[in-house]
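Step one of this worksheet: look at the structure below.
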Amino acid sequence: MLARPTATRPRAAEPPPCAALDAQATTPARTAHAKALHKCANCKENHSAGYGGCKVYKEAISITKVASDLRISYAGAVKLFEREK
């Protein structure tokens, strides 16, 4: 029977997070690439889709809260939300 090796390879250095990439962006091409990484799928503005300050995200949270509080469907809460606007 073959013995399993006990030594492991060192891990490769992980790439820096997006914020570090933004800080390192020195050329116009790198700056454009860094900004393109932060395109919100909900509102199409220049931030990640997980950004808590996104206006579409805040609306969705409000709609979910209304639906939960009034015990109605999400679609019904959207209709109430649109009427109040």
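The values are calculated or read from the model by the stated rules, or taken from the named source; none is laboratory data. These numbers were taken from a predicted model, which means no experiment stands behind them. Here Cβ is always computed from backbone atoms with ideal geometry, including for glycine, and neighbour counts include all displayed protein chains.
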Open item on the list: Cβ contacts < 8 Å: first residue within 25 Å of ASN46 (Cα to Cα), restricted to region 56-76; second residue of a type outside the set (Ser, Thr, Tyr) and part of a helix (DSSP H, G or I), any location; separation 6+ or different chain. Result?
Closed with: GLU59/PHE81; SER62/PHE81; ILE63/ALA77; ILE63/VAL78; ILE63/PHE81; THR64/ALA77
TODO: Of the numbered conditions (1) at pLDDT 60 or above; (2) farther than 20 Å from LYS85 by Cβ, ASP22 fails exactly one; give the number of that condition.
DONE: (1)
